[in-house]
Amino acid sequence: MPDSKAVRVVAFVLSAALLAASCTTQAKKSEFFGKIDPPAGQVLRYITGSEPESLDPQMSSGQPEARIDMALYDGLAEYHPKTMEPIPAIAERWVIDEDATEFVFFLRHDAKFSNGDPITAQDFVYTIRRGFRPELAARAAYLGYDIQYAEAYNSLGAFVRDPQTGRFLLASEAAPAGEAKNAGGEATTQPAAPPTEAEQEAELRKELSRKGEEAAPDTPFHHFMHSPARLVVPADEKGREKTFKADPKLQALVAGKEFVPVRAEDIGVEAVDDYTLRITMRQPAPYFLGLVPHQFFRVVPQKVVERYGVNWTKPENFVGSGPFKLQEHRPYNNLTVVRNPYYWDAKNVHLDQIVFYPLEDQTTMMNLYKAGEVDATYNHTVPASWLKSGVRFMKDYMDAPENGSNYWQINTTKPPMDDKRVRRAFNLAVDRKALGDYRVVSKPNSSFVPEGILHGYPSPPGYTLNVEEAKRLLAEAGFKDASGNFDPKKFPVDQVEIAYNTSESNRQIAEFVQAQWKQNLGVTIPLRNVEWKTFQDMRSKLQYKGFAGGAGWSGDYMDPFTYLSLFTTKEGGDNMTGWYDPKFVRMLDEANRQPEQAVRYQMLSKAEAYLLDAAPVITLLKPATSWMKKPYVKGMYPNPGTLHAWKYIYIEHDQAKWDQQMPDMTTDELAAVAAKE
């Protein structure tokens, strides 16, 4: 007997395809793609991508889940519909201290869960602590690692305590030579001696006095958060043995000491009172506010989660905190949410219902959209062949820059790519504009941070096509003839290749860039197609030679640091180039200590320029949104993450007010939306 779910989906798709065929004549005459008859009432039908991995906001990190989570859960802040910058949500305001190490959020008194229970600061404490539980294995936990002791707890760390005195050892006591700092903040060749308790107390009082307590009063926990950072080592014996093997000095330091596991209660999140939440960071983190709207930080109901365990997100048990609540979930078919009457801003929620359809096949979703069975799709859903046939010129096509960067990594540890001049030369020998035209949707990106999406960020000059300079640099690096000119025959192509993971898109880009280098430099770099799992391992271990194609990064938040921080780790992480420069790391640290955003952005721009000069990557493209929206869907914008604050969206039945082109992304006026009842 056939699976009933499959039968329903197939029947739905077939009926839509038939309907699409009947509308072909109308579509050809229209400036929009397919039917443009709005559904009755305030119901939005949206294709959201893959079937969600989980409806628990802390158990997933993908966009398909994020879109649904934004309907079901609210956070301290929400994404601005156009810019994706944080705007007030359950926190009606916040105060950030001068060095961005302390964030105080003041919560609304009328915020409630969908069962009517009040939402308090303690609910956020529970939610954030829960996200870092090692047993939860939340993939997005790393987003909050700058919260004091969050990484230590999540990675099963332990404090080190002297059993004789009860004193906890400090991180400064284990600092490698040259990394310790004196009282003036200058590096010393030897670690500073551990401060006495009196010195610790005096320094703490000085810091708290400098910060002031106008945002929220001092408490014993606050006092603990601003004490000198404790030393953290692995809690398990095998982990400690591995750490001590690499650092014998640390092993000697902790000899005879006891290990106290870091607890959830040690994490820098505190409910000062029912409606005041304080979060303390381990280092300056001015970008943290941009992370707060992420689903990982959206509040969940402790009583319900603990009562039902893994089943708490089933429709019959579900309790959320967002503008909508879960009504129905038929996996791989549809997920329906309806307006939440207890939502704090319910009067400004305009949709009565959203039906999310989990689909990945581009042709199927485009046929459904053309037939008028759905009202909007998610990003990157228009097939390339359809774009080239004219869909991208329709008035309902959404084409705007995304918060992402497509680039190739370079293994800077192996010759000839260990020479900065060679890396710069290969960057200068790529025509990014031609590549963007070839890719249709993607835009050329000469810098590393995507240009033009971060308001106020001055992108440094990046790489543009300059073949003569590329050849000069290669000749200077030693690949030259008797006359001193670049000789492509002297370049060791046997030591370099373009490795890329299996994907039609990655193959096309690899072949394009390969042709560019052959045309502009006379050098043919061989291609190597690698299966994804092998490709990942090869990159992380720096086992590739030359270039690793197919790399890319989607920003976790709207700030240059989400890109530049990739190169702050020497080993591990997402660097995978082997390039690490302490000066670059110091430039980022100094920028993040700047309270003025304009000054900080200028400093980050200089750091990016320093990165571009070192050229550990080949900059290529920035992606574009590429999705469809019916003209009667209002309040939905092609923002850099294609993540929509659903409460601002509504169905406009007055055709005179429909969008006649991609919505204006330059204005900042939501008053008309908020006023619509």
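I'm told A425 meets every condition in (1) modelled with pLDDT under 95; (2) assigned to a helix (DSSP H, G or I) except one. Can you identify the failing condition by its number?
(1)
Against the condition in the same structural domain as T48 (by TED's automatic domain parsing) and at pLDDT below 95, how does P595 come out, does it pass?
Numbers: in the same structural domain as T48 (by TED's automatic domain parsing): no; at pLDDT below 95: yes.
When the stated conditions are applied, P595 does not pass them.
Give me a count of the residues in region 485-499 that are surrounded by 16 or more Cβ atoms within 10 Å (Cβ to Cβ) and touching a Lys or Arg at 6+ places or on another chain (Cβ under 8 Å).
6
Looking at the structure I just gave you, is Y610 among the aromatic types (F, W, Y), touching a Phe, Trp or Tyr at 6+ places or on another chain (Cβ under 6 Å) and either at pLDDT 95 or above or outside any loop (DSSP other than H, G, I, E, B) (or both)?
Details: among the aromatic types (F, W, Y): yes; touching a Phe, Trp or Tyr at 6+ places or on another chain (Cβ under 6 Å): yes; either at pLDDT 95 or above or outside any loop (DSSP other than H, G, I, E, B) (or both): yes.
Judged against the criteria, Y610 is a match.
Give the number of residues within region 433-456 that are modelled with pLDDT of 95 or more, of a type outside the set (A, V, I, L, M) and farther than 20 Å from I410 by Cβ.
1
Counting only residues that are in contact (Cβ under 8 Å) with a residue 12 or more places away in the chain and part of a helix (DSSP H, G or I), which one in region 649-665 is nearest to I36 (Cα to Cα)?
Taking region 649-665 first, the residues in contact (Cβ under 8 Å) with a residue 12 or more places away in the chain are 649-653, 655, 657-663, 665.
When the remaining residues are screened for being part of a helix (DSSP H, G or I), the result is 655, 657.
Numbers: Q655: 10, K657: 13 Å.
Per the criteria, the residue is Q655.
Assuming K395 fulfils every condition listed in (1) under 21 Å from D664 (Cβ atoms); (2) in the same structural domain as K35 (by TED's automatic domain parsing); (3) surrounded by fewer than 23 Cβ atoms within 10 Å (Cβ to Cβ) apart from one, which condition is it?
(2)
Keeping to region 62-107, report how many residues are under 17 Å from A215 (Cβ atoms) and outside any strand (DSSP E or B). Reasoning before the result, please.
Restricting attention to region 62-107, the residues satisfying the condition of being under 17 Å from A215 (Cβ atoms) are 76-77, 88, 91-107.
If we keep only those that are outside any strand (DSSP E or B) as well, we get 76, 97-101.
Final tally of qualifying residues: 6.
What are the pairs, 6+ residues apart or on separate chains, where a residue within region 221-234 that is in contact (Cβ under 8 Å) with a residue 60 or more places away in the chain has its Cβ under 7 Å from a residue that is among the polar types (S, T, N, Q) and assigned to a loop (DSSP other than H, G, I, E, B)?
M225/Q148
One residue is enough: does region 39-46 have a residue meeting the conditions in contact with a His (Cβ under 8 Å, 6 or more places away or on another chain), closer than 23 Å to Y308 by Cβ and at pLDDT 95 or above? Even if it seems obvious, please write down each step before you answer.
Residues of region 39-46 in contact with a His (Cβ under 8 Å, 6 or more places away or on another chain): 42.
Keeping just the survivors that are closer than 23 Å to Y308 by Cβ gives none.
Looking through region 39-46, none of the residues is in contact with a His (Cβ under 8 Å, 6 or more places away or on another chain), closer than 23 Å to Y308 by Cβ and at pLDDT 95 or above.
Does V292 fit the bill of being among the β-branched types (V, I, T), farther than 26 Å from F103 by Cβ and surrounded by 15 or more Cβ atoms within 10 Å (Cβ to Cβ)?
no
Give the residue, chosen from T502, T464, that is surrounded by fewer than 20 Cβ atoms within 10 Å (Cβ to Cβ) and in contact with a Lys or Arg (Cβ under 9 Å, 6 or more places away or on another chain).
Details: T502 fails: in contact with a Lys or Arg (Cβ under 9 Å, 6 or more places away or on another chain).
Among T502, T464, only T464 is surrounded by fewer than 20 Cβ atoms within 10 Å (Cβ to Cβ) and in contact with a Lys or Arg (Cβ under 9 Å, 6 or more places away or on another chain).
In region 642-660, which residues are of a type outside the set (D, E, K, R) and buried (at least 18 other Cβ atoms within 10 Å of the Cβ)? I'd like the intermediate steps shown before the answer.
Filtering region 642-660 for residues of a type outside the set (D, E, K, R) gives 642-646, 648-651, 653, 655-656, 658, 660.
The answer is T642, L643, H644, A645, W646, Y648, I649, Y650, I651, W658.
Per-residue answers, yes or no, for (1) touching a Lys or Arg at 6+ places or on another chain (Cβ under 6 Å); (2) assigned by TED's automatic domain parsing to the domain that holds G144; (3) buried (at least 22 other Cβ atoms within 10 Å of the Cβ); (4) of a type in the set (G, A, S):
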site	(1), (2), (3), (4)
F561	no, no, yes, no
D581	no, no, no, no
E590	no, no, no, no
Y601	no, no, no, no
A609	no, no, no, yes
A615	yes, no, yes, yes
W627	no, no, yes, no
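Each row is one residue, and each column tells you yes or no for (1) more than 26 Å from the chain's Cα centre (by Cα); (2) among the aromatic types (F, W, Y).
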site: Y308; (1), (2): yes, yes
site: N311; (1), (2): yes, no
site: V319; (1), (2): yes, no
site: F324; (1), (2): no, yes
site: Q327; (1), (2): yes, no
site: R330; (1), (2): yes, no
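Taking V319 and the conditions (1) surrounded by 21 or more Cβ atoms within 10 Å (Cβ to Cβ); (2) touching a Gly at 6+ places or on another chain (Cβ under 9 Å); (3) under 24 Å from R139 (Cβ atoms), which numbered condition does it fall short on, given that it satisfies the others?
Single failed check for V319: (2).
Determine, yes or no, whether Y544 is touching a Pro at 6+ places or on another chain (Cβ under 9 Å) and either in the same structural domain as D418 (by TED's automatic domain parsing) or within 30 Å of E468 (Cα to Cα) (or both). Spell out how you get there, then give the answer.
Values: touching a Pro at 6+ places or on another chain (Cβ under 9 Å): no; either in the same structural domain as D418 (by TED's automatic domain parsing) or within 30 Å of E468 (Cα to Cα) (or both): yes.
Against the criterion (touching a Pro at 6+ places or on another chain (Cβ under 9 Å) and either in the same structural domain as D418 (by TED's automatic domain parsing) or within 30 Å of E468 (Cα to Cα) (or both)), Y544 does not qualify.
Search region 263-282 for residues that are free of Cβ contacts under 8 Å to residues at least 12 places away in the same chain and not assigned by TED's automatic domain parsing to the domain that holds F159 and pair each with any residue that is among the aromatic types (F, W, Y) and surrounded by fewer than 23 Cβ atoms within 10 Å (Cβ to Cβ) when their beta-carbon atoms are under 9 Å apart and the residues are at least 6 apart or on different chains.
So the pair list comes out empty.
Looking only at region 370-422, which residues are within 30 Å of K490 (Cβ to Cβ) and either assigned to a loop (DSSP other than H, G, I, E, B) or at pLDDT below 95 (or both)?
Just the residues of region 370-422 that are within 30 Å of K490 (Cβ to Cβ), to begin with: 407-422.
Correct list: N411, T412, T413, K414, P415, P416, M417, D418, D419.
Return the residues of region 54-104 that are farther than 28 Å from R600 by Cβ, in contact with a helix residue (DSSP H, G or I) (Cβ under 6 Å, 6 or more places away or on another chain) and of a type outside the set (A, V, I, L, M, F, W, C); say none if nothing qualifies.
Residues satisfying the conditions are P57, Q58, D69.
Pull out all pairs, ordered by first then second residue, where Cβ-Cβ is under 6 Å, the residues are six or more apart or on different chains, the first lies in region 564-577 and is within 12 Å of A551 (Cα to Cα), and the second is crowded, with 16+ Cβ neighbours inside 10 Å and not aromatic (F, W, Y).
Pairs found: D574/L566; N575/L566; M576/Q409; M576/R539; T577/Q409; T577/I410; T577/T412; T577/P616.
(1) assigned by TED's automatic domain parsing to the domain that holds E53; (2) out of contact with any strand residue (DSSP E or B) (no Cβ under 8 Å at 6 or more places or on another chain); (3) within 27 Å of Q660 (Cα to Cα): which one isn't true of D361, the others all being true?
Exception for D361: condition (3).
Does any residue of region 433-451 turn out to be assigned to a helix (DSSP H, G or I), acidic (D, E) and within 29 Å of K82 (Cα to Cα)?
Within region 433-451, the first condition is being assigned to a helix (DSSP H, G or I), and the residues that meet it are 433-439.
This time we only want the ones that are acidic (D, E), so: 437.
Subsequent filtering for residues that are within 29 Å of K82 (Cα to Cα) retains 437.
There is at least one residue in region 433-451 that is assigned to a helix (DSSP H, G or I), acidic (D, E) and within 29 Å of K82 (Cα to Cα).
Could you check, for region 564-575, whether at least one of its residues is touching a Gly at 6+ places or on another chain (Cβ under 8 Å), closer than 26 Å to T642 by Cα and not aromatic (F, W, Y)?
So in region 564-575, the residues touching a Gly at 6+ places or on another chain (Cβ under 8 Å) come out as 566.
Remaining after also requiring closer than 26 Å to T642 by Cα: 566.
With the extra rule that they be not aromatic (F, W, Y), the set shrinks to 566.
Yes, region 564-575 contains at least one residue that is touching a Gly at 6+ places or on another chain (Cβ under 8 Å), closer than 26 Å to T642 by Cα and not aromatic (F, W, Y).
The values are calculated or read from the model by the stated rules, or taken from the named source; none is laboratory data. Because the structure is a prediction, the values reported are computed rather than measured. Don't worry about glycine lacking a Cβ; one is built from the backbone with ideal geometry, like all the others, and counts go over all protein chains shown.
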